[in-house]
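Here the structure comes first, spelled out in structure tokens, and everything after it is commentary.
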Amino acid sequence: MNIPFFTNKPSEESFRYLEGNKPNHIAIIMDGNGRWAQKRGKARVTGHKEGISTVVKIAKAAVKCKVKVLTLYTFSTENWKRPKTEVDTILRLPKEFLHLYLPDLMAHNIRIETIGETEHLPAHTREAIRYAMERTRDNDGLQLNFALNYGGRHEIINAMKKMLADLNGANLSLDELDDQQVSEYLYTAGMPDPDLLIRTGGEKRLSNFLLWQLAYTEFWFTDVLWPDFSEKEFLQAVEEYQQRKRRFGGL
Ligand code: V0D
């Protein structure tokens, strides 16, 4: 069957059919980088480096689909448990990414933001991120969120602490506390909840990602490892999303 939304060969042309039930916010767990490298007899870090080129490819695909927010799980609070050399290399990737792709991001009007405990990252990583946000802050196309040193339960605890402080300081009253209020205390304040979550690399779990925000999100899983993930699979996920009916708990 030929589905009118996308042709097999992605081109600017094929996007004119993309309409209706479009996802505003897509979140991705970019898994399988280490395994991609190991399969080729290379060090795991080779896979992480390969993974940054997929990031820019998918960001551009999201721009084409007119997605407003793309949130990528880049470094979890659990990732500190990995071997030190692997962690050190990963923490240098933001700089490498910007060196290679900042002009491309600017040309596509992409704004970089981060969510997570970025203040606990090494100074050189924080500096690269600060520079990225500063340079792209006037871009009003796609918002590209990197979840860095992010953990979903930690985010909720952090929100609870801020809420309790506001409660004590009488800036918040118990009766006005509802789910919209809680959302305002999360890192994602002001953003729509993700419509679609994609996880590459074959695992089917959340791994502490966006626990609150994914309450009604549609999930899409693939065995494809992140360095092999391409516009083709991304469009397939978006298209399948467009054909799903969302009920938000209703009928
Ligand atoms: C490793 C595959 C881009 C998944 C992609 C510090 C894991 C490559 C960034 C990045 C990582 C972050 C902030 C920014 C610009 C780029 C990145 C990390 C890991 C963790 F402003 N890729 N990337 N950051 N990987």
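The values are calculated or read from the model by the stated rules, or taken from the named source; none is laboratory data. Source: prediction; values computed, not measured. As a convention, Cβ positions derive from the backbone with ideal geometry for all residues, glycine included, and neighbour counts pool all protein chains shown. Each accessible area value is taken on the protein alone, full model and side chains, heavy atoms only, with ligands, DNA and RNA left out. Shrake-Rupley method; radii C 1.70, N 1.55, O 1.52, S 1.80 Å.
Okay, here's what the table says:
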read-out: 10 Å Cβ shell holding at most 14 others, DSSP loop, trypsin sites (Lys or Arg not before Pro): longest site-free stretch of the chain; value: 67-136
read-out: Nearest-20 debye value, the range 22-110 charge dipole, Cβ charges on Lys, Arg, Asp, Glu; value: 240 debye
read-out: Area accessible to solvent at S207, 1.4 Å probe radius, in Å²; value: 50 Å²
read-out: Fluctuation leader among D88, D138, D175 - the chain, Gaussian network, Cα springs under 10 angstrom; value: D175
read-out: Residues whose placed amide H lies under 5 Å from that of Y150, excluding near-sequence neighbours; value: F75, S76, T77, E117
read-out: The range 118-251 - percent of accessible surface contributed by carbon and sulfur, probe 1.4 Å; value: 49 percent
read-out: For the chain, built as a Gaussian network whose Cα springs stay under 10 Å, the top-fluctuating residue of A147, A128, A165; value: A165
read-out: Surface accessible to a 1.4 Å probe, F97 within the full protein complex, Å²; value: 10 Å²
read-out: Positive-end extreme of charge dipole, the chain - chosen from T114, Q242, P83 (charges on Cβ); value: P83
read-out: Exposure ranking of Y187, Y73, Y216 by accessible area [1.4 Å probe, largest first]; value: Y216, Y187, Y73
read-out: About the Cα centre, charge dipole magnitude for the chain (Lys/Arg +1, Asp/Glu -1 at Cβ), debye; value: 940 debye
read-out: Candidates N109, N149, N158, ranked by Gaussian network fluctuation over the chain, Cα under 10 Å, top entry; value: N158
read-out: Under 12 Å from K162, Cα to Cα: aspartates and glutamates that are on another chain or at least 8 residues apart; value: E184
read-out: Positive dipole terminus of the chain, leading residue within A159, L251, T217 (C-beta point charges); value: T217
read-out: Within the chain, longest stretch clear of exposed GluC sites (Glu not before Pro) (DSSP loop, no more than 13 other Cβ within 10 Å); value: 20-202
read-out: Residue-normalised accessible area of the range 138-251, given per residue in Å² at a 1.4 Å probe; value: 53 Å²
